[in-house]
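A short worksheet on the structure shown next.
The values are calculated or read from the model by the stated rules, or taken from the named source; none is laboratory data. Predicted model only: the values in this text are computed from it and were never measured. Methodologically, a virtual Cβ is constructed for each residue, glycine included, from the backbone with ideal geometry; neighbour enumeration extends over all protein chains shown. SASA here: full protein model, heavy atoms, side chains in, ligands and nucleic acids out. Shrake-Rupley method; radii C 1.70, N 1.55, O 1.52, S 1.80 Å.
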Amino acid sequence: EVQKHSVHTLVFRSLKRTHDMFVADNAKPIPLDEESHKVKMAVKLRTEYGSVLHMPTLKENLREKGGSNTGDPYGHKQYSGNQGQELEYMITGTHPYPPGPGVALTADTKIQRMPSESAAQSLAVALPPSQSRLDANRTAAGVGDIYRHAGVSERSQPPGVPMAVMEAGGNKNSALMAKKAPTMPKPQWHPPWKLYRVISGHLGWVRCIAVEPGNQWFVTGSADRTIKIWDLASGKLKLSLTGHISTVRGVIVSARSPYLFSCGEDKQVKCWDLEYNKVIRHYHGHLSAVYGLDLHPTIDVLVTCSRDSTARIWDVRTKASVHTLSGHTNAVATVKCQAAEPQIITGSHDTTIRLWDLVAGKTRVTLTNHKKSVRAVVLHPRHYTFASGSPDNIKQWKFPDGNFIQNLSGHNAIINTLAVNSDGVLVSGADNGTMHLWDWRTGYNFQRVHAAVQPGSLDSESGIFACVFDQSESRLLTAEADKTIKVYREDDTATEETHPVSWKPEIIKRKRF
């Protein structure tokens, strides 16, 4: 009869079996045997340099070395042991090659690069002796020795014996280099940013913000359906523009013409002439709310993205829709343009980022690493890289193929906006009103800000919808849910001593997903 046990007993028996199974750490390498290590390294040397073993060293180099420093940590005899033998070969450099592609290799066109004296010396010292000398001078390990010490860890090295780095013509052979775990480099110190101005005037959430190229004023769009233009230095209201019939979701000022472009949840995309403060063009075509827009930096092209799952490319002058970029399966939340390929980048609520070919109007690359909606994308002003923001984390990528660089984890909120300046300060603004500042290169989070809502607002109206640096990159402007625009600047009184970087050189654990 089968004895019945309680669930508690069965669980603890299972735990005990698991413990017994793993109590002996069989994955730990056994202590390294020096002799077998020498045998293994000798085999590696023959495999790597077998094709040049017949080339002895120069007599002059050996005399200069004095025969004292030519020893080998892996048990080879010293080269200076063959004092009486004549050396019949020299190191003669590369094979002849033509000076360029498509040029025939002839006696007149051939180029043959001679190695420098230092490179020839390092090659000569690094090369193992020829087969005949090895046979004469070395006693090979027996088969029994090799079997006895089988299973030695590949990366371990004997105590007191440094890893040899073979230099052939100045090039390091990575196969024989000791590999170190990557550690996070020390982040660059950035002064903290502090709030110094709060600008009120809108009657609804401030959804978007842009600074004009001359750095004299900036423009905001709001859920009160107005676009307001503010003086950047004083924060005073200069102008209000009405015309949208629903929330204004995107604004941008052209650097190529005196035009302001806006888009909103009323499906409209408008071009405003700032000399007359009137709408001069409408761009019709989106089937639902338009969430964002950007201007191409070098050609007169406008790109918009919408809740209808498409992005559209418009000719600014003719109002024609050049391409409809379809492929996303949910609302497209953000779009960015750049002069280099890929010229258009979109982030969507379908969790993907797409890099687009502007000429063909087709997707070049789709990045599927994010697990949640991508609401923000920002391009670095100097590096050929970009970042994307999602509630799971912020990710950095390389152009042109979207190769993953690193995750910036810690901002656990819905990230609505990203901004970066030339100093490598990345700002992420979230739906809960928090703002994190990061060092772009290392991903170190050096400051966290949660500004108070303006008096009279509910605490739940704490949210950042957009943020942007001004053209001088000395001020940071945020558009918020408490109907204000907040302006930050660097703390001039801060030093590295008063605000040190609390950083530890920990081993990086980079996840792709």
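On full extension of the chain, what length is gained from Arg46 through Lys371, given 0.36 nm per residue of separation minus the C-alpha to C-alpha distance?
That works out to 112.1 nm of additional length.
Specify the inter-centroid distance of segment 196-219 and segment 336-392, based on alpha-carbon positions, in whole Å.
The two parts, judged by their Cα centres, are 26 Å apart.
Given the Cα-Cα distance of Asn403 and Lys362 and 0.36 nm per residue of separation, how much length would full extension add, in nm?
Values: separation 41, 0.36 × 41 = 14.76 nm, distance 1.90 nm.
Here the segment from Asn403 to Lys362 would lengthen by 12.9 nm.
For segment 193-490, what is the accessible area per residue in Å² when the probe is 1.4 Å? Display every interim value, and only then the final one.
Working: 11390 Å² over 298 residues.
Here the residues of segment 193-490 average 38 Å² of exposed surface.
Tell me the label-point distance for the pair Asp20, Ala339, using the 7 Å Cα-to-Cβ offset, in nm and rounded to one decimal.
Once both label points are built, they end up 7.2 nm from each other.
If you take the Cα Rg of segment 193-490 and divide it by 2.2 N^0.38 Å, with N the number of residues, what do you get? Kindly include the intermediate steps, with their values, before the conclusion.
Working: Rg = 17.6 Å, N = 298, 2.2 N^0.38 = 19.2 Å.
Ratio of Rg to 2.2 N^0.38 Å for segment 193-490: 0.92.
For segment 193-490, with all protein chains present and a 1.4 Å probe, just round the carbon and sulfur fraction of the accessible area to a whole percent. Could you put the intermediate results ahead of the total?
Values: 5330 of 11390 Å².
Heavy-atom surface of segment 193-490 belonging to carbon and sulfur, 1.4 Å probe: 47 percent.
Quick one: length gained pulling Leu237 to Gln3 fully straight, 0.36 nm per residue minus the C-alpha distance? Display every interim value, and only then the final one.
Values: separation 234, 0.36 × 234 = 84.24 nm, distance 8.39 nm.
That pair, Leu237 and Gln3, stretches by 75.8 nm at full extension.
Set the Förster radius R0 to 30 Å, insert the Cβ-Cβ distance between Ser502 and Tyr384 as r into 1/(1 + (r/R0)^6), and round the FRET efficiency to 0.05. Let's see the in-between values first.
Numbers: r = 31 Å, r/R0 = 1.02.
So the FRET efficiency works out to roughly 0.45.
What distance in nm lies between label points placed 7 Å from Cα along the C-beta direction at Ser460 and His282?
Going by the 7 Å Cα→Cβ label model, 3.6 nm.
Students often get this wrong, so check it: of Lys270/Lys336; Lys336/Lys398; Lys194/Lys228; Lys336/Lys362; Lys267/Lys483; Lys270/Lys483, which have C-alpha atoms separated by over 20 Å? Kindly include the intermediate steps, with their values, before the conclusion.
Details: Lys270/Lys336 18 Å; Lys336/Lys398 15 Å; Lys194/Lys228 24 Å; Lys336/Lys362 15 Å; Lys267/Lys483 23 Å; Lys270/Lys483 23 Å.
Check vs 20 Å cut-off fails for Lys194/Lys228; Lys267/Lys483; Lys270/Lys483.
Counting alpha carbon pairs within less than 8 Å and at least 6 residues apart, what relative contact order, in whole percent, applies to segment 193-490?
Numbers: 870 pairs, mean separation 42.6, N = 298.
About 14 percent, as a whole number.
State, in angstrom, two size descriptors of segment 244-301 derived from its alpha carbons: Rg to one decimal place and Dmax to the nearest whole number.
Calculated on Cα positions, Rg and Dmax stand at 11.1, 31 Å.
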